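A short write-up of the structure that comes next.
Derivation of every value follows stated rules applied to the coordinates shown; laboratory data play no part. Just so you know, these numbers come straight off a predicted model, no measurement behind them. Counting neighbours? That spans all protein chains shown, and the Cβs are built from the backbone with ideal geometry, glycine included.
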């Protein structure tokens with residue numbers, strides 16, 4: 001009897017556990033959607049979008065899980081290649097998403113979503129193209145990264161400068177005037193903060209932005225493929241400017257505080273960054289006096305889209321609705337105002353924000369001849385940037401390169417050969 | 001004959017029973033250990049075998065197409081500057097951390113062991129062991145601040161004593177030294193703990209005899225403790241070396257930052273593998289790196305065992 005009782009109790013517990021597990025699983029598949037982002041500052045924005053869906057989707061549970069971009073890219077690669085249980089909305093840069101789409105790991109958008117994206121009243125052709133592959137829509141455009149110059153107006157006034165630099169030669173001249181030094185002549189506040197060290201391809205991406213101002217590009221289309229296009233006069237001019245700033249004029253050093261944090265702490269007078277710095281500075285340094293300015297020739301534009309994968313059909317439907325809800329004007333205006341990323345949707349009146357925060361003007365009031373570039377959607381783009389970044393880091397710290405154009409060109413040629421080798425291995429080296 | 005027959009029957013009977021019982025015990029042991037072996041095989045041996053297999057293929061993690069390339073990944077690796085850089089850095093960190101950890105943890109353990117009567121003995125042990133259990137990320141962030149060229153207390157201390165501030169996280173050599181210090185700081189506590197166990201198990205009579213022969217404390221340490229603790233030294237050196245070759249988070253955290261001043265990225269093997277797998281999407285290539293790391297660790301461990309055994313015999 002005792003034994004039977006024991007077996008009976010165990011069976012009941014097992015059945016209950018199995019029931020709870022299966023029930024929980026079904027419930028999770030039906031009503032949970034997960035938002036995976038690579039920009040932690042957008043957590044509040046997605047939570048706000050989720051909150052606004054409560055009235056139409058009372059059972060929908062949105063879990064927002066943003067982490068740093070590089071780690072986000074790794075988890076997306078792992079998740080999509082090994083399969084997803086829960087319906088997930090991914091934030092992905094268009095060029096990154098392409099490799100998943102061509103390998104059938106991201107489903108195309110349903111007809112109503114494709115209609116929303118392809119509507120000319122909603123998005124410009126540039127964003128529509130990045131959200132589609134071979135004419136089929138896979139993602140919903142959401143925001144973009146775009147660069148502009150941020151400069152400290154108090155420091156500019158103190159240096160006798162009444163406006164931002166307009167040419168790359170002026171950038172160098174202004175940096176010299178803006179650099180603050182101690183009694184020994186060592187810089188204490190950099191004139192122009194440049195990305196000189198760290199991990200990942202960011203160093204090469206920032207170099208590309210400067211190279212673009214000299215009329216160059218890291219890669220160029222050649223036939224059906226691409227080839228390195230920086231071992232030339234434009235590349236040399238860009239590298240020379242970096243090397244002279246670090247080891248020649250010493251307007252910045254490798255070990256000086258850099259980037260937005262340095263700008264907000266008044267440890268640098270100017271730097272080039274995306275619009276999120278405006279929202280970040282409003283929180284961290286609200287009393288900082290600064291303005292933004294257009295770059296001499298144009299800027300990088302990295303459109304980020306929302307993609308959906310995994311889970312049940314019902315949850316996927318809700319996830320696509322989430323992506324469309326995220327594009328509602330009130331949320332986009334909130335994002336611009338509170339986070340600072342630039343929404344991609346057209347036909348929205350952002351003037352309430354741009355008037356109150358004139359720093360946005362360099363991101364939205366653009367002349368017709370302002371030239372944009374973006375990262376090409378090719379598989380080895382990250383490897384190309386990372387390997388070039390490693391070479392640049394060495395070059396920036398090499399004082400023997402100052403005044404030695406031949407040595408700098410040798411660095412560029414060696415890097416370009418490596419870039420072409422990577423393209424060749426991927427089967428996309430242009431002739 | 002009769003007597004032998006009389007006695008032989010029950011003996012063979014007993015032997016038979018014993019055989020059956022031994023067989024049963026054998027099969028019971030096999031069945032009992034099987035789940036553990038199965039789990040070990042699945043979570044330990046299968047990934048190693050799979051890594052060995054993948055190293056012979058070209059695979060981008062996403063594609064169904066996975067062409068066999070033989071030893072091509074290995075050939076390319078030995079012409080890859082970043083990989084060679086990673087091997088040199090990783091070896092320098094692993095051997096550097098071992099060179100710091102073993103003598104320092106042995107001396108610290110000796111000091112703590114001989115001061116066990118102090119009421120602070122427990123505090124010393126805990127204080128030395130804490131870095132080993134502290135989460136790596138906040139610890140590395142704290143060290144990043146310590147090494148900061150402009151704001152760090154280390155440079156302030158150096159300047160206060162009349163020295164020159166150093167770019168700890170940016171100089172190619174200093175940035176490797178920073179990681180060696182961080183790894184050593186973390187493994188030290190474990191080394192001390194193991195050495196303390198060793199000290200507590202050393203025969204007291206040998207030390208008493210040495211004292212009667214006129215040996216002082218330093219002589220006892222160098223001529224008795226050090227040789228007697230060789231098995232412990234072997235264990236600590238193997239553990240330190242393996243963890244040194246697997247260094248990743250320390251290099252990543254000291255250099256990575258989207259804000260402020262990031263440091264020089266010290267390329268180490270595991271970091272290079274992760275980058276090749278999940279950012280460059282070259283899984284076969286990264287698997288080849290993993291195979292090389294495995295071979296290095298196996299060879300070095302074999303050499304360490306061999307050397308210490310040889311010396312032990314002498």
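Quote the relative contact order of chain A in percent (integer), defining contacts as alpha-carbon pairs under 8 Å separated by 6+ residues.
Relative contact order here is 25 percent.
Nearest 0.05, what FRET efficiency do residue A:180 and residue B:27 give at R0 = 56 Å with Cβ-Cβ as r?
For residue A:180 and residue B:27, the calculated efficiency is 0.10.
Given the options A:142, A:384, A:67, state which has the largest fluctuation in a GNM of chain A using a 10 Å cut-off (strictly under) for Cα springs.
Evaluated over chain A, the most mobile residue of the options is A:67.
Test of understanding: in a Gaussian network model of chain B with alpha carbons linked when under 10 Å, which of B:190, B:207, B:285 would top the mean-square fluctuation ranking?
B:207
Which of A:298, A:163, A:37 moves most in a GNM of chain A, Cα contacts under 10 Å?
Ranking A:298, A:163, A:37 by mean-square fluctuation puts A:163 first.
Provide the percentage of antiparallel DSSP beta bridges, counting only those with both residues in the protein assembly as shown; round to the nearest 5.
70 percent
At R0 = 41 Å, how high is the FRET efficiency between residue B:215 and residue B:124 if r is their beta carbon distance? Nearest 0.05 is fine.
So the FRET efficiency works out to roughly 0.95.
Once Rh is set to the Kirkwood radius over Cα pairs, what Stokes-Einstein translational diffusion coefficient, in µm²/s, holds for the protein assembly as shown at a temperature of 25 °C and a viscosity of 0.890 mPa s?
In µm²/s, the coefficient rounds to 81.
With just the Cα atoms of region A:42-147, tell me how far they stretch along each of the three principal axes, in Å, largest first.
35, 34, 32
At a temperature of 4 °C and a viscosity of 1.567 mPa s, determine how fast chain A diffuses translationally according to Stokes-Einstein, using the Kirkwood radius over alpha-carbon pairs as Rh; express D in µm²/s, rounded to the nearest whole number.
Approximately 55 µm²/s, per Stokes-Einstein.
Can you give the helix-only mean residue ellipticity at 222 nm for chain A, where every DSSP H stretch with n ≥ 4 adds -39500 (n - 2.57) and the sum goes over all residues, rounded to the nearest 500 deg cm²/dmol?
After summing the helix terms and dividing by the residues of chain A, the value is -14500 deg cm²/dmol.
Per the Kirkwood formula on distinct C-alpha pairs, the Rh of chain B is how many angstrom?
Its Kirkwood hydrodynamic radius stands at 23.9 Å.
Please determine, in degrees from 0 to 90 and to the nearest 10, the orientation of helix A:168-178 with respect to the longest principal axis defined by the Cα atoms of chain A, where the helix direction is its Cα long axis.
Rounded to the nearest ten degrees, it is 80.
Can I get the semi-axes of region A:117-181's equivalent ellipsoid? Compute them from the C-alpha gyration tensor as square roots of 5 times the eigenvalues, in angstrom, largest first.
In descending order, the three semi-axes are 43, 11, 10 Å.
If you take all C-alpha pairs in region B:163-267, what percent of them are over 21 Å apart?
Everything past 21 Å amounts to 54 percent.
What ranking of A:268, B:233, A:153, A:355 emerges when the number of other C-beta atoms within 10 Å of each C-beta is taken as an exposure proxy, fewest first?
Listing A:268, B:233, A:153, A:355 from fewest to most nearby Cβ atoms yields A:355, A:153, B:233, A:268.
Sorted from fewest to most neighbouring beta carbons within 10 Å, what does the list A:176, B:24, A:250 look like?
Ordered by Cβ neighbours within 10 Å, fewest first: B:24, A:176, A:250.
Quick one: Kirkwood hydrodynamic radius for region A:95-212, alpha-carbon pairs, angstrom, one decimal?
It works out to 18.3 Å.
Just the Cα atoms of region B:145-206: what Rg and Dmax do they give in Å?
Taking only Cα atoms of region B:145-206, I get Rg and Dmax of 17.9, 55 Å.
Express the relative contact order of chain B as a whole percentage, based on alpha carbon pairs under 8 Å and six or more residues apart in sequence.
Once divided by the residue count of chain B, the mean separation gives 28 percent.
Expressed as a whole number of Å, what is the distance separating the alpha-carbon centroids of region A:46-113 and region B:82-143?
42 Å
Go ahead and estimate [θ] at 222 nm for chain B from helices alone: -39,500 (n - 2.57) per DSSP H run with n ≥ 4, summed, over the residue count, rounded to 500.
Only helices count here, giving -24000 deg cm²/dmol.
State, to one decimal in nm, how far the label point of residue A:111 lies from the label point of residue B:299, with both points 7 Å from Cα in the Cβ direction.
Label at residue A:111, label at residue B:299, 6.4 nm between them.
Counting only Cα, what are the radius of gyration and maximum Cα-Cα distance Dmax of region A:72-128, in Å?
In order Rg, Dmax, the Cα atoms of region A:72-128 give 13.0, 38 Å.
R0 = 41 Å: FRET efficiency of residue A:371 with residue B:75, Cβ-based, nearest 0.05?
0.45
Counting other beta carbons within 10 Å of each residue's own, what order do A:331, B:114 fall into, fewest first?
Listing A:331, B:114 from fewest to most nearby Cβ atoms yields B:114, A:331.
Can you give me the Cα centroid spacing of region B:195-217 and region A:358-431 in angstrom?
Cα centroid to Cα centroid, the span is 64 Å.
For region A:306-420, I need the span (max minus min coordinate) of the C-alpha atoms along each principal axis, in Å, sorted largest to smallest.
Principal extents (Cα only, largest first): 57, 43, 25 Å.
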